[in-house]
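So the structure is just underneath, and the comments pick up after that.
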Amino acid sequence: MSESNMPLAYRMCPTTIDEYVGQEHILSKDKMLYRLIKADRLSSIILWGPPGCGKTSLARVIAKSTKNRFEKLNAVSAGVSDIKRVVDESKNLLMNPSGRTVLFIDEIHRFNKLQQDALLPYVENGTIILIGATTENPYFSVNKALISRSTLFKLEPLENKHVVQVLENALSNKEKGLGSYELKVEDGVTEYIAELSGGDVRVALNALEIAALTTEMNANGEIEITKEIAAECIQKKKAQFDKNGDSHYDNISAFIKSMRGGDADAVLFYLARALYAGEDPMFLARRIVICASEDVGMANSNALVVANAAMQAVHQIGMPEARLLLAHAATYVARSPKSNAAYLGINQALSDVENKDTGTIPMHIRNAPAEGMEDFGYGVGYKYPHDFPNHEVEQQYLPDKMLGTKYYVPDETEEKLK
């Protein structure tokens, strides 16, 4: 296939590091990665970032700039045999005088442990200069030994200004872009496409190309692209995270911490992101129930009642109405006063039980279900609180060795229990 027939997103990929748009935090001229690429002194790296942020484009830039042999594998279809082939060809001095190969592995997180282990000795001795690209957190999905032999660079979603710059370049470039078309682009269209793309430049370029190729010319022989046309040509705005990916954990962490911190606006925002990405409503409901007990606790025990009722209702009703129940419970928990006294108390008690000699249960509060056990002191001397004024009576409950230990320490935010 000739390059002119390839998608616009492919044709507009940068060929030099100076053409690359975005990721200034790792690719500015004073940054290490920029210097390594320019000097062709690259060592093994792992590029971690969301789809469409430029990982593959960066690999193509490196391929164009390095004097070393360059190979590309996709972890979805490649295996150990492919790795061995690359290594063998790299060691063949007739084919590769440098004895080194820059190997780009897209979606490296899909390699299993055996496949990743097969890379290790060759990455370590420099036969392979690895460029691994992943959308998943490499600390969870990539072999630790492989990470330790590589430099990890985290790429961020492109900002709207970067996506707009790429779109404007595509509109003006006559060789690789749409510059040879008679296009009349309405003001604000590139910004609008950038906003809807969610930082994915591939989605943005695909939308622009579809708009240009499928819109009929007007009476003046121009292809007029309006916001309405752009909206029809772009995918539904991408969710900002994959419900099964690393960002899933970031979003749920932000959701819980916003409830704990009492920011109802942030709670609704992160709840919306989760629902939009297809998160399981019951998973969210369970998080709210946990927060109601862990963080609100005794400061407003009704929060647990509300959260648990919402969880049951979510199970019975389902989406889309479940969003209302989740929003109700989450904002109630967020706005409630907070106390983690019960949470701290049980954690300390568990720690003591695990790590200390806590003694034995006092005999007077032990169970005596069988006749004759009282002769051994079981239950003897127990004071039944309801037989005393206000249904209270002083007696020892903790073992002798734990006397005086305080686990539950109420604070000023808690409701006064009558």
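Since every read-out is calculated from the coordinates, none of them should be taken as a lab result. The model shown is predicted, which means the values in this text are computed figures rather than measured ones. Please note: Cβ atoms are built from the backbone with ideal geometry, for glycine as well, and neighbour counts cover all protein chains shown.
So, with +1 on the Cβ of K and R and -1 on the Cβ of D and E, and no other charges, what is the size of the charge dipole of the chain about its Cα centre, to the nearest 20 debye?
On the way: 46 positive and 55 negative charges, 316 e Å.
Using only the charged Cβ atoms, the result is roughly 1520 debye.
Once you divide the Cα radius of gyration of the chain by 2.2 N^0.38 Å, the number left is 1.43. Sketch the reach of a paramagnetic label on residue 264 as a point 7 Å from Cα along Cα-to-Cβ, and name the residues of segment 335-353 whose backbone nitrogen lies under 15 Å away. The answer is 335-338.
Summarising the label geometry, the points placed 7 Å from Cα in the beta-carbon direction at residue 365 and residue 328 lie 3.9 nm from one another. Taking only the Cα atoms of segment 344-402, the radius of gyration and Dmax are 14.4, 40 Å. Counting 0.36 nm for each residue step from residue 375 to residue 302 and taking away their Cα separation leaves a gain of 21.8 nm. Between residue 405 and residue 286, the C-beta separation translates, for a Förster distance of 41 Å, into a calculated FRET efficiency of about 0.80. For a modelled paramagnetic label at residue 344, 7 Å from Cα along Cα-to-Cβ, the residues of segment 296-331 in reach, with backbone nitrogen under 15 Å, are 296-299.
If R0 is 25 Å, the Cβ-Cβ spacing of residue 84 and residue 39 corresponds to a FRET efficiency of close to 0.25.
Based on the Cα atoms of segment 23-154, what semi-axes does the equivalent ellipsoid have, where each is the square root of 5 times one gyration tensor eigenvalue, given in whole Å with the largest first?
Working: eigenvalues 88, 72, 31 Å².
Over the Cα atoms of segment 23-154, the ellipsoid semi-axes are 21, 19, 12 Å.
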